[in-house]
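Take a look at the structure set out below.
The values are calculated or read from the model by the stated rules, or taken from the named source; none is laboratory data. Keep in mind it's a predicted model, so treat the numbers as computed, not measured. Cβ: placed from backbone, ideal geometry, glycine included. Neighbour counts: every protein chain shown.
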Amino acid sequence: MMGRLRALVFVVALALLLLASRSSAHAVDVATLTLTEVSAGKFAVDWRTTSSTLEELSQPARYPGACQQRERSLDCGPLGLTGEIEFPWLVGGESRVTVVIDWLSGERLLRTVHGRSPSFKVYGVPASAGLRFLQPIAVDYARLGVEHILLGFDHLMFVLAITLLVQSRKTLVLAISAFTVAHSLTLAASVLGWLSLPVAAVETTIALSIVLACAECLRPPDSLARRAPWLVTFGFGLLHGMGFASALEEAGLPEQHVPSALLFFNLGVELGQLAATVVFLGFVGLLTRLERRRIGSTRTVVYALGSLAAYWSIERALVSFGG
């Protein structure tokens, strides 16, 4: 009995030793880069690490082109610290760097970079700067909004379903406008922290909105959705706005310019939505002509959209409620 106990103790000790050696072999080097604004556009640079290898880095970060580094200081001029901060040496490694930026205004930015994400963007333009200095924010966030709507297939599918549902161009304009107003409201409310719902539940409901819109396409012409489509699009738009907000929050927001970033992101979403609607109108017109010649069927497209959205609804519901 004692022999078995000793053998067990030996095996446990050996396992712990192997785990310890393994963890030390894969130790992750960590470091902290602190940038403290001492005057407008000028920062004190503090680089700290427990790794002797990382200590030898004279310039651990690559700053935006307008910034000039001199030993432990960084001068970015009147535009402030605006642009991308890169850590090329992180690529492919296990090291992590925590970046802390403290501005004169008292605001703080905290980011962690690593081998899979070795850079991030900063918009340090002073809040008091004129509109012409907000060009980087306008371009980046408008582009992000366009990309999100054009790559967000669930949002596009909903717009397509509404285009199939509404026959009158004037009514379609009202329906899309109501959708725009609604998702703009919840986008702003979510980003500003006034409204919060679980992301998985929101995504599930967005998929269900497509299913319901497709179902309305198959109902008689006197249904509520056909008589007052703007009412339906407004209600569902509130849900889609929260979906836009989650994408914007994942991308990150400039602490000093949240309203500006929100505005330009929303403008980008609207531009992308407008472009998609124009394309969908052409598609629906072509589909109608083919249907008259008995070559195609609108119902087939509606069933295809609804089936895919139903699959997404089930998949997202399982993730949301099944864990």
Residue hits (segment 150-170; at pLDDT 90 or above and either within 13 Å of the chain's Cα centre (by Cα) or of a type in the set (Ser, Thr, Tyr) (or both)) are Thr163
Scanning segment 214-243 for residues that are basic (Lys, Arg) and surrounded by 19 or more Cβ atoms within 10 Å (Cβ to Cβ) gives none
Scanning segment 273-294 for residues that are touching a residue at least 12 places away in the same chain (Cβ under 8 Å) and either touching a Lys or Arg at 6+ places or on another chain (Cβ under 9 Å) or not in a helix (DSSP H, G or I) (or both) gives Leu281
Checked against (1) crowded, with 16+ Cβ neighbours inside 10 Å; (2) not in a loop (DSSP other than H, G, I, E, B), Val38 satisfies every condition except (1)
If we ask which residues in segment 149-190 are in contact with an Asp or Glu (Cβ under 9 Å, 6 or more places away or on another chain) and closer than 27 Å to Gly252 by Cβ, their number turns out to be 5
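Can you tell me which of Val146, Val139, Val211 is surrounded by 16 or more Cβ atoms within 10 Å (Cβ to Cβ) and either under 17 Å from the mean Cα position of the chain (by Cα) or among the acidic types (Asp, Glu) (or both)?
Values: Val139 fails: surrounded by 16 or more Cβ atoms within 10 Å (Cβ to Cβ); Val211 fails: either under 17 Å from the mean Cα position of the chain (by Cα) or among the acidic types (Asp, Glu) (or both).
Of the residues listed, the single one that is surrounded by 16 or more Cβ atoms within 10 Å (Cβ to Cβ) and either under 17 Å from the mean Cα position of the chain (by Cα) or among the acidic types (Asp, Glu) (or both) is Val146.
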Note on segment 211-248: residues charged (D, E, K, R) and not in a helix (DSSP H, G or I) are Arg219, Asp222
Can you confirm whether Ala275 is loosely packed, with under 15 Cβ neighbours inside 10 Å, closer than 17 Å to His148 by Cβ and assigned by TED's automatic domain parsing to the domain that holds His183?
yes
Inset, instruction - Please verify whether segment 295-304 includes one or more residues that are touching a residue at least 40 places away in the same chain (Cβ under 8 Å), buried (at least 18 other Cβ atoms within 10 Å of the Cβ), assigned to a helix (DSSP H, G or I) and assigned by TED's automatic domain parsing to the domain that holds Ser190. - result: yes
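Can you find even one residue in segment 163-182 that is more than 30 Å from Thr49 (Cβ to Cβ), of a type in the set (Phe, Trp, Tyr) and surrounded by fewer than 16 Cβ atoms within 10 Å (Cβ to Cβ)? Break it down into steps so the answer makes sense when it comes.
Of all residues in segment 163-182, those more than 30 Å from Thr49 (Cβ to Cβ) come to 163-182.
Okay, now just the ones that are also of a type in the set (Phe, Trp, Tyr), so 179.
Now restrict to residues that are surrounded by fewer than 16 Cβ atoms within 10 Å (Cβ to Cβ): none.
No; the residues of segment 163-182 include none that is more than 30 Å from Thr49 (Cβ to Cβ), of a type in the set (Phe, Trp, Tyr) and surrounded by fewer than 16 Cβ atoms within 10 Å (Cβ to Cβ).
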- prompt: Can you spot a residue in segment 244-256 that is under 26 Å from Thr171 (Cα atoms) and surrounded by fewer than 21 Cβ atoms within 10 Å (Cβ to Cβ)?
  reply: no
Of the listed residues (Leu208, Leu195, Leu187), the one being in contact with a Ser or Thr (Cβ under 9 Å, 6 or more places away or on another chain) and either in a helix (DSSP H, G or I) or closer than 24 Å to Leu308 by Cα (or both) is Leu208
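Restrict the check to segment 249-258 and report whether at least one residue is closer than 19 Å to Ala178 by Cα and either modelled with pLDDT under 90 or in a helix (DSSP H, G or I) (or both). Reasoning before the result, please.
Here is the first cut: in segment 249-258, the residues closer than 19 Å to Ala178 by Cα are none.
For segment 249-258, residues closer than 19 Å to Ala178 by Cα and either modelled with pLDDT under 90 or in a helix (DSSP H, G or I) (or both): absent.
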